[in-house]
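The structure appears right after this line, and notes come after that.
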Amino acid sequence: MARSALIENATLLAEARVGGRRRRDDSFPPIAPGPGRSCGAGPLSVPRLACGAGSATIGGASISDFVPVPRYPATISSRLPQVGTTIFTVMSRLANECGAINLSQGFPDFSAADALFELVARHMRAGHNQYAPMAGAAPLREAIAAKVEELYGARYDPEAEITVTAGATQAIFTAVAAMVHPGDEVIVFEPVYDSYVPSIELNGGTARYARLRFPDYRPDWSEVRALVSPRTRMIIVNTPHNPSGTVWSAADMEELERITRDTGIVVVADEVYEHIVFDRNTRQCRHESAARYPALAERTFIVSSFGKTYHVTGWKIGYVLAPRELTTEFRKAHQYIVFAVNHPVQLALAEFVAQRERYLGLADFYQAKRDFFRAQLEGSRFRLLACAGTYFQLAGFEAIADEPDVAFAERLTREVGVAAIPVSVFYREPVDHKVIRFCFAKSENTLAAAGERLRRV
Ligand SMILES: Cc1ncc(COP(=O)(O)O)c(C=O)c1O
């Protein structure tokens, strides 16, 4: 189970924090302390539990000795028994505790445009602070329709085929809740984004796993074909892909179209990084939205996220495009899961989406960051994998250590002061290619400081 990896990894780190039960791995070469490190201060001779907040005490007694803490008295039969705290939360927390540069979780450390904040404030002051329409504010749905038509040549009806959601995560969950019946199977691709499988299992479905081939992380369509059965209800795809940075080709989309043709299978296309595709001039590479493929689009929920496009991941706002029959089912679930999404933000985004240069410039913006970060790692012992899209860079560390990637990522945080995500956690059974994921959606100062530390490893 993918989550078993997450929980195991989270547990390993938690154990390291509270109990120090894990053996130290001496294969990692000692690293000279770097500036700004506040945890694991010495190299390997320092106990690994040097950081982490202890519980608060008064005169030696725990605060919980004085304040009654409510406890659930019965046994919980968990709907998600394998799930623990996600590795993203664990690594970000560890990075905070250690004062490490956090290149683990995928969010920018720079601000969104002031103009966007001003628009939101304007709509708040104008009194748009009550519930938005269930499907989304009309101006935003119209702006999305115009944008999608211009970019991908597909016309979606704002009234019946576009729904604004509380981010991509809710959109994906809702699509699964609306379409997957208990006993249905859903095909996902490993390494798999962490919300997909819990969404499937909470709704009574079963995940079937296709592997993206290492090291190029391309789909193996014969494997996918072999997984399709009469029980297959849905296939969830993600391009550009987190964590690998792979961008699917037209040939991939055509394969998906062929495999699903004449079946009752629906597709969820997670396209949250649609505007972050690199090397478009040199490699003729573009985002292959499912919207470009009419025979695919007719069975697909296309999911996007304004959080990724406008550097506001904390706003949790996105949208879903789907044919009217699918949208009808989607909205039946949507109206009881979230009903409606932040109203003034929707109205602000309606105006912002109309400013084409904002999203058309995003690929160049992040390509410069990718190139800058890769240049920082030149001369290091990390092996950089290809990165065609997203804001994630994978790096192999086999020349540095032969320990598991989770242990390596943890030590990198504690001893070098740079946090990253071990890629094995994106697999059901941990598959360890000795690869970690760095997020380069950071200011040049942050990336330069991280590069300076990583070159010393
Ligand atoms: C592939 C992928 N899908 C979905 C999401 C979630 O997007 P949102 O924050 O809009 O829910 C993320 C966020 O990291 C992601 O990487």
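The values are calculated or read from the model by the stated rules, or taken from the named source; none is laboratory data. Quick caveat, the model's predicted, so the values are computed rather than measured. Here Cβ is always computed from backbone atoms with ideal geometry, including for glycine, and neighbour counts include all displayed protein chains.
For the stretch 251-268, the tally of residues that are surrounded by fewer than 22 Cβ atoms within 10 Å (Cβ to Cβ) and not in a helix (DSSP H, G or I) stands at 5. Output the number of residues of the stretch 382-423 satisfying the condition of being surrounded by fewer than 24 Cβ atoms within 10 Å (Cβ to Cβ), outside any strand (DSSP E or B) and aliphatic (A, V, I, L, M). Going through the stretch 382-423 one residue at a time, the tally reaches 7. Looking across the stretch 199-239 at every residue that is among the basic types (Lys, Arg) and under 20 Å from Glu429 (Cα atoms), the one that is surrounded by the most Cβ atoms within 10 Å (Cβ to Cβ) is identified as Arg208. Taking each residue of the stretch 123-139 that is at positive phi and looking for partners that are aromatic (Phe, Trp, Tyr) and surrounded by 15 or more Cβ atoms within 10 Å (Cβ to Cβ) with beta-carbon atoms closer than 9 Å, six or more apart or interchain, yields Gly136/Tyr319.
Counting just the residues of the stretch 338-378 that are surrounded by fewer than 16 Cβ atoms within 10 Å (Cβ to Cβ) and acidic (Asp, Glu), which one comes out nearest to Ala132 (Cα to Cα)? Result: Glu357. Selection of the stretch 304-349 for residues being out of contact with any helix residue (DSSP H, G or I) (no Cβ under 7 Å at 6 or more places or on another chain) and of a type in the set (A, V, I, L, M) yields Leu326, Ala340, Val341. For the stretch 267-291, the set of residues classified as polar (S, T, N, Q) and without any contact (Cβ under 8 Å) to a residue 24 or more places away in the chain consists of Asn281, Thr282, Gln284, listed by residue number. Just one of the listed residues (Ala154, Ala175, Ala145, Ala168) is within 16 Å of the ligand (Cβ to nearest atom), crowded, with 17+ Cβ neighbours inside 10 Å and either closer than 18 Å to His275 by Cα or modelled with pLDDT under 95 (or both), and it is Ala168. Those helices (runs of 4 or more DSSP H) of the stretch 269-351 in which 3 or more residues are over 26 Å from Ala121 (Cα atoms), among the aliphatic types (A, V, I, L, M) and away from the ligand (no atom under 15 Å from the Cβ) occupy 294-297.
Scanning the stretch 143-198 for residues that are among the hydroxyl-bearing types (Ser, Thr, Tyr), assigned to a loop (DSSP other than H, G, I, E, B) and farther than 20 Å from Pro81 by Cβ yields Tyr156, Tyr193. Here the condition is being more than 23 Å from the chain's Cα centre (by Cα) and of a type in the set (A, V, I, L, M, F, W, C); of Ala207, Ala226, it holds for Ala226 alone.
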